[in-house]
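> Structure in structure tokens, see below.
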Amino acid sequence: PPEVPWTFDPAVGATNRGVASMERYDYAGAVEAFAEALQRGGKSTEIRVNLAIATSNRASRGDLERAERLLDDVLRDESENVRALYFRGIIHQFGGRDELAISCFDRVLKLRPDDAYAWYFLARSKSHLGQPCRVELERAVQLNPALASAYYDLMRIATQAEQEDLAKAYR
């Protein structure tokens, strides 16, 4: 038989299974696969971030807290890991900790200023705290004109300010 120029890495195989499971919304399978990848020697920060995302989406008892610990560990190792910061902000926002979410999204935007979703989620946290957020929403739709949720929020803000013409423009 011909010689194979590469060897199979079990950690890579487990990681690939985890990604495939996430694509199928099989978060339990993804958690199992990413955990296996780490056990088999996969040290990639991305595996740990993927494990945190899969864990939080699995939504079993204690999963959100486990995901938070995983992300905090990643951020201790790599304080500017954009994916970890972004998802940490999402979890903070979900948990009603909007001040902490704002801090995460601000850090994401320093590293990736053209991320429409980071602008949008920053605006959402500011809105939850009663802070102005029109500028952030406008930046989000400028970067991604298909971001319908941002248009809705802009319309809502304009309607509350009794700016009906502007509200109609955002519909």
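The values are calculated or read from the model by the stated rules, or taken from the named source; none is laboratory data. This structure is a prediction, so every number in the text was calculated from the model and none was measured. Counting neighbours? That spans all protein chains shown, and the Cβs are built from the backbone with ideal geometry, glycine included. With ligands, DNA and RNA removed, areas are computed over all heavy atoms of the protein, side chains included. Shrake-Rupley method; radii C 1.70, N 1.55, O 1.52, S 1.80 Å.
> Of all residues in the stretch 131-171 being aliphatic (A, V, I, L, M) and under 20 Å from the mean Cα position of the chain (by Cα), which is surrounded by the fewest Cβ atoms within 10 Å (Cβ to Cβ)?
That would be 146.
> Same structure, new question: Let me spell it out: the conditions are (1) out of contact with any Leu (no Cβ under 6 Å at 6 or more places or on another chain); (2) under 18 Å from residue 93 (Cβ atoms); (3) of a type in the set (Phe, Trp, Tyr), and residue 105 meets all of them except one. Which number is the exception?
(1)
> Here are some residues: 11, 20, 37. Which one is surrounded by 14 or more Cβ atoms within 10 Å (Cβ to Cβ), modelled with pLDDT of 95 or more and of a type outside the set (D, E, K, R)?
After ruling out the rest, the residue left standing is 37.
> Mind checking which residues of the stretch 42-73 are open to solvent by 40 Å² or more (accessible area, probe 1.4 Å) and over 16 Å from residue 89 (Cα atoms)?
Within the stretch 42-73, 43, 44, 46, 48, 58, 59, 60, 61 qualify.
> Could you tell me whether the stretch 42-61 includes any residue that is touching a helix residue (DSSP H, G or I) at 6+ places or on another chain (Cβ under 7 Å) and not in a helix (DSSP H, G or I)?
Within the stretch 42-61 (the criterion being touching a helix residue (DSSP H, G or I) at 6+ places or on another chain (Cβ under 7 Å) and not in a helix (DSSP H, G or I)), the answer is yes, since at least one residue qualifies.
> Same structure, new question: Go through 58, 17, 40, 24 for me and flag whichever is over 21 Å from residue 76 (Cα atoms), touching a Pro at 6+ places or on another chain (Cβ under 8 Å), of a type outside the set (Phe, Trp, Tyr) and free of Cβ contacts under 8 Å to residues at least 60 places away in the same chain.
Sole residue among the options that is over 21 Å from residue 76 (Cα atoms), touching a Pro at 6+ places or on another chain (Cβ under 8 Å), of a type outside the set (Phe, Trp, Tyr) and free of Cβ contacts under 8 Å to residues at least 60 places away in the same chain: 40.
> Six or more apart or on different chains, Cβ under 6 Å: which pairs go from a residue in the stretch 96-125 that's farther than 15 Å from residue 80 by Cα to one that's among the basic types (Lys, Arg)? Could you list them?
119/139
> Does at least one position in the stretch 110-130 carry a residue that is open to solvent by 30 Å² or more (accessible area, probe 1.4 Å), part of a helix (DSSP H, G or I), in contact with a Cys (Cβ under 6 Å, 6 or more places away or on another chain) and not polar (S, T, N, Q)?
Scanning the stretch 110-130 turns up at least one residue that is open to solvent by 30 Å² or more (accessible area, probe 1.4 Å), part of a helix (DSSP H, G or I), in contact with a Cys (Cβ under 6 Å, 6 or more places away or on another chain) and not polar (S, T, N, Q).
> Okay, next question. Determine which member of the set 76, 97 is open to solvent by 70 Å² or more (accessible area, probe 1.4 Å), charged (D, E, K, R), out of contact with any helix residue (DSSP H, G or I) (no Cβ under 8 Å at 6 or more places or on another chain) and more than 25 Å from residue 47 (Cβ to Cβ).
97
> So if I check each of 96, 89, which one is of a type in the set (Gly, Ala, Ser) and not in a helix (DSSP H, G or I)?
Sole residue among the options that is of a type in the set (Gly, Ala, Ser) and not in a helix (DSSP H, G or I): 96.
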